[in-house]
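Only one structure is covered here, and it is reproduced in the block below.
The values are calculated or read from the model by the stated rules, or taken from the named source; none is laboratory data. Keep in mind the model is a prediction, meaning the values are calculated, not measured. Here Cβ is always computed from backbone atoms with ideal geometry, including for glycine, and neighbour counts include all displayed protein chains. Note: accessible area is taken over every heavy atom of the protein model, side chains too, but ligands, DNA and RNA are not part of it. Shrake-Rupley method; radii C 1.70, N 1.55, O 1.52, S 1.80 Å.
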Amino acid sequence: MLARLAHVVARRRKAIIGIWLVLTLFGGFAAGQVSKRWFQSFSIPGRSAYETSQRTLHTFGVGVRPPNVLVFHTSGDASKSGAIRAATERVAKANPGALTSSYYSTGSNAFVSGDRHTTFMEVYPPGIAKFDTKSGAREMRKLAATGLPAGTTVHVTGHDPLEEASSHGGGGGPSVLLEALVGGAGALVILLFVFGTLPAVLMPIVVAIASILNTFTLVWGLTYLTNVSIIVQFLIALVGLGVAIDYALLMIFRFRDELREGEDVETALVETMTHAGRSVIVSGTTVAVGLLSLIVLPLPFIRSMGIGGMLIPAVSVLAAITLLPAMLAVLGTRINSVRLLPRKLVDRGHPEDGPWGRWARFVLRHPWRVAVVGIAIVAVLAGIGTQLTPNEAQLKNFPGSGDAIVGRDALAAAHISPGVMKPFNVLVVNGNPQEVAAKVRAIPGIAGAVAPKGWQRGGASLVQAFPAVDGAAPQIQGIINRANDTLKGTNASLGGVPAVDRDFIHAIYGNFPYVLAFVLVLTLILLARAFRSIVLPIKAAILNLASLAAAYGIVVFIFQMGHGSSLWNISATGAIPAWIPLMIFAFLFGLSMDYEVFMLTRMREAYDETGSTNHAIELGLARTGKLVTSAALILFFAFLVLSASPGYEVKLFAIGLAAGIIFDATVMRVLLVPALMRLLGRANWWMPEWTRSALFIPKREKVPEVPAAENI
């Protein structure tokens, strides 16, 4: 089929290029239109705390976002300061849609430090949080500070102001377009050293541009069928850049190899499509499966990321097997023209005679040594990865500087619980809020609970409760459980950011085994059909899982433990935000499988031709080593660009992916894959007859095995 497609593309090359040009220009228009349709809600339907917070939002207009916390400090008794009282009244009056609470509106000592010198005010901003929503902390502090006497200070802290502080003042960071452009520039530099000629360097970039813009067209259409998370735009730009260039690299490598072997342009194109094109389809399918697995999770915004993300490899594959062959057919041998590097640096083919071939032969001679080294490295990092704590970092670990940090430290110095920055909200329907507040105050782990005046709408009222620990601390789960038990059977229910965050973690990791099973089963089926082996897919899946565990270990070592995180101006976070391990799994499993497919396809082809496992390993590693490392460097650079974004969570995500990609392309593909295949020998190609029938794999003539000793 791919051979027939190659002939069609060669003969209709100008028409195909023209169609892609028109579609890509329209994609530029679509990218502008879809920017107005992104969905920015993070719903967790069916979960108690989330549903309570949504009812609170509907009734009171607040409750979804954590409050801003104004911290006042004076040399006297803060509870008796008329200036501080006036400041709280000014802030409340200037925020008519907000709910506010303080000592002056509740009379509760929960708002005053033990030494009476520090007090705080809570301001719940109205509406929902979006990516571009600002806390308003700077304006709030300016208003509160007006008229305060000398010796009385005010700072505004809280989750959102601290998050802005960790993002260098809440700046927006690089745009999607800028990130894609910088990533593309880095890819150009790498491609220059990979190919050395202008046409070969530019063609992967053209394929990436076409893939990215046409994916935006499809996602624009998807927004009319379902909500699509705003995060998808980053996935399209960066993952699209990486995989599209990866697939173009594979195709161009093979096309140039065929031309060097003396084939004419159309025959070279047919061979490229038959072998490299097949690898591209298998690789793209595995990436799509990894992303599509996200639909298993009961979170609409993550499901939309899975569906939207799946379109990225799908369009990239289509561009690689239609647009790219059409351009190759037009260029022909001119793909090697316009040399940009000295002749001695330009790839001359036959990599088995170069450093990659020498390395392959070293692995074949010393498979046990290489395997032990690789396994030791993976074991150390994977062991660290088991210590991963999927949770938002405690507020004391948020990096940054500025007023929010000073306010956080002022609360800590006054021995006021960090729980005031992420309090619980208890929604009471047709009940007595004062009685509920008294019950909640008696719960172990609750530092205080109040029912502020004016926090009533019809028959509904709110009780505000301060946990004695940070809303992300390990002990918070026990407090939530005790609160839910206390409120069971009453007309009150627990909401607030800490409880909703726990709902989010449970929704993700309670269903993660299903995600893992979905990915593994589909991947094993795809690879078994592609390589006509049971052993190779199982080995690939095990190595990919080991690679993921090692990638988690890198993230834990750098950011959770803090060894080297100062390079990104981040101290030890103590935890990794819950969405990051999930997204690293979805992306890294598919992207690293790309490299496995590239290598194994070439090895399977060589084995079918020669019957020698050793020769297959040598040829496969030699001819894909440069390809895999180049592709990994391009993806590494793309994700490194993303790490320049200001938010510390995005930095964790980007560095985790970048480190995982490089680790996989080196330790896993260069050390463990060839070493383990050498040790497995003929068992690599084992496939029982019943599996052939079950997977509808046609029978082929059995390949006679060449004795291993003859090929070392």
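Go through [x] 50; [y] 15; [z] 28 and flag the label whose value is the computed percent of Cα pairs over 47 Å apart for this structure.
Computed from the coordinates, percent of Cα pairs over 47 Å apart corresponds to [z].
Which whole-Hz ³J(HN,Hα) couplings does the stretch 234-244 yield from phi under the Karplus relation 6.51 cos²θ - 1.76 cosθ + 1.60, θ = phi - 60°, glycine and proline marked x?
Values, residue by residue: 5, 5, 4, 5, 8, 5, x, 4, x, 6, 4 Hz.
List the residues, sorted by chain then number, that are 5 or more residues from Trp686 or on another chain and whose placed amide H is less than 5 Å from its amide H.
Distant-sequence amide H within range of Trp686: Ile534, Val535.
Return the sequence-ordered ³J(HN,Hα) values of the stretch 537-543 in whole Hz as given by the Karplus equation 6.51 cos²θ - 1.76 cosθ + 1.60 applied to θ = phi - 60°, using x for Gly and Pro.
With coefficients 6.51, -1.76 and 1.60, one gets x, 5, 4, 4, 5, 5, 5 Hz.
Could you tell me the calculated FRET efficiency between Arg55 and Ala442, based on Cβ-Cβ distance and R0 = 22 angstrom, to the nearest 0.05?
The formula returns an efficiency of 0.35 here.
Rounded to the nearest percent, how much of the accessible area of the chain (1.4 Å probe, protein heavy atoms only) is carbon and sulfur?
That share works out to 63 percent.
Looking only at the stretch 643-672, which residues have a backbone nitrogen under 19 Å from a spot 7 Å from the Cα of Val380 in the C-beta direction?
From the stretch 643-672, the list is 659-672.
Past 29 Å, Cα to Cα, is the threshold; run Lys36/Lys422; Lys93/Lys422; Lys36/Lys396 against it and keep the listed order.
Result: Lys36/Lys422; Lys36/Lys396 exceed 29 Å.
Once ligands and nucleic acids are excluded and a 1.4 Å probe is used, how much of Ile505 is accessible, expressed in Å² to the nearest 10?
20
Using a basic spin-label model with each label point 7 Å from the Cα along Cα→Cβ, how many nm lie between Ala145 and Thr333?
7.4
Contour minus end-to-end for Ala683 and Gln33, with contour as 0.36 nm per residue of separation and end-to-end as the Cα-Cα distance?
228.7 nm
Remind me, relative contact order of the chain in percent, using alpha carbon pairs under 8 angstrom and six or more residues apart?
19
Please report the accessible area of Met583 (heavy atoms, 1.4 Å probe, ligands and nucleic acids excluded) in Å², nearest 10.
Met583 exposes around 10 Å² with every protein chain in place.
Among DSSP bridges having both ends in the chain, what percentage is antiparallel? Round to the nearest 5.
Counting DSSP beta bridges with both partners in the chain, the antiparallel share is about 95 percent.
Could you list which residues have their amide H under 5 Å from that of Ile446, counting only those 5 or more apart in sequence or on another chain, with H placed in the peptide plane?
Placed amide hydrogens put Ala468 under 5 Å from Ile446.
Calculate for the chain the 222 nm mean residue ellipticity that helices alone would give, adding -39,500 (n - 2.57) per DSSP H run of length 4 or more and normalising by residue count, nearest 500 deg cm²/dmol.
About -18500 deg cm²/dmol.
Using a Förster distance of 22 angstrom, determine the FRET efficiency expected from the C-beta separation of Thr226 and Val521, and round it to 0.05.
Approximately 0.30, to the nearest 0.05.
Tell me, what ³J(HN,Hα) does each residue in the stretch 515-520 have, in order and in whole Hz, if you take phi through Karplus 6.51 cos²θ - 1.76 cosθ + 1.60 with θ = phi - 60° and put x for Gly and Pro?
4, 4, 4, 4, 5, 5
Go through Tyr607, Tyr509, Tyr514 and list them by solvent-accessible area, largest first, probe radius 1.4 Å.
So the residues, ranked largest to smallest area, are Tyr514, Tyr509, Tyr607.
Leaving out ligands, DNA and RNA but keeping every protein chain, what accessible area does His73 have, in Å² rounded to the nearest 10, with a 1.4 Å probe?
The accessible area of His73 comes to roughly 80 Å².
Once amide H atoms are placed 1.01 Å from N in the peptide plane, what residues at a sequence separation of 5 or more from Gly495, or on another chain, have their amide H within under 5 Å of its amide H?
HN-HN under 5 Å from Gly495: Asn425, Val426, Leu427.
Kindly express, to the nearest 10 degrees and within the range 0 to 90, the angle between helix 278-292's C-alpha long axis and the longest C-alpha principal axis of the chain.
Result, in degrees: 10.
Quick one: longest stretch of the chain between exposed loop GluC sites (Glu not before Pro), exposed meaning at most 12 other C-beta atoms within 10 Å and loop per DSSP?
262-700
Compute the angle between helix 497-509 and the longest alpha-carbon principal axis of the chain, please, reported from 0 to 90 degrees and rounded to the nearest 10.
20
Taking only C-alpha pairs under 8 Å that are 6+ residues apart, what is the relative contact order of the stretch 1-135 in percent?
Once normalised by length, the contact order is 27 percent.
Leaving out ligands and nucleic acids, note down the accessible area per residue over the chain with a 1.4 angstrom probe, in whole Å².
On a per-residue basis, 39 Å².
Report the relative contact order of the stretch 372-468, percent, no decimals, based on alpha-carbon pairs under 8 angstrom and at least 6 residues apart.
RCO, the stretch 372-468: 26 percent.
Roughly speaking, what is the stretch gain from Lys488 to Ser643, that is 0.36 nm per residue apart minus the C-alpha to C-alpha distance, in nm to one decimal?
51.4 nm
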